[in-house]
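Peer 1: Provided herewith is a single structure, encoded as structure tokens, for subsequent inquiry.
The values are calculated or read from the model by the stated rules, or taken from the named source; none is laboratory data. Nothing here was measured: the structure is a model prediction, and the numbers come from that model. Here the Cβ positions follow ideal geometry from the backbone for every residue, glycine too, while neighbour counts run over all protein chains shown. What goes into the accessible areas is simple: the full protein's heavy atoms, side chains included, and nothing from ligands, DNA or RNA. Shrake-Rupley method; radii C 1.70, N 1.55, O 1.52, S 1.80 Å.
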Amino acid sequence: MRVIRDSALAQQIKDLHRHHCQICGVRLRLPNGSYAEGAHIRPIGQPHNGPDEPGNILCLCPNDHVLFDRGALTLTDGLRVFDEVIGQITGDLRLAPQHAISVTHVAYHRETARQVARPASPSELRLL
């Protein structure tokens with residue numbers, strides 16, 4: 001079952017950031033305007049039950065949206081971008097004064113992403 005999200009809210013966040021990706025700064029320009037995606041930090045719907053609210057939405061380019069959703073990029077509590085593949089901070093999340101990011105959702109995303117990405121233990125491998 002798919003959760004209906006508030007597309008006007010995502011558009012508001014994208015407008016606040018002028019469609020610039022909060023991770024890399026890229027703004028995709030198309031013939032009919034700029035393009036960015038509204039990405040939930042804590043996913044909405046089961047099993048995560050993240051809220052559809054401004055503090056849980058980022059403005060991202062399609063590439064960083066996929067990397068973020070798949071756990072290759074996470075955020076520190078200080079809103080620094082951490083590349084989980086290379087194991088280091090690559091920069092700061094781009095912020096707008098009118099858009100407060102929820103550190104609670106950031107921590108949830110980071111922990112969830114690291115649980116999914118962690119290698120299986122020897123005992124788990126025996127079960128496979």
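Peer 1: For the pair residue 80 and residue 7, how long in nm is the line joining their label points, each one 7 Å along Cα→Cβ?
Peer 2: That separation, rounded to one decimal, is 3.8 nm.
Peer 1: Take the solvent-accessible surface of the protein heavy atoms, probe 1.4 Å, and return the percent of it on the chain that carbon and sulfur atoms account for.
Peer 2: That share works out to 54 percent.
Peer 1: I would also like to ask the following. How big is the chain along each principal axis, measuring the range of its Cα positions in Å and listing the largest first?
Peer 2: 54, 35, 29
Peer 1: Now for a different question. Any chance you could give the angle, 0 to 90 degrees and rounded to 10, that helix 7-16 forms with the longest Cα principal axis of the chain?
Peer 2: Roughly 70 degrees, rounded to the nearest 10.
Peer 1: May I pose another question? For the range 1-106, report the accessible area per residue in Å² (1.4 Å probe, heavy atoms, rounded to an integer).
Peer 2: 58
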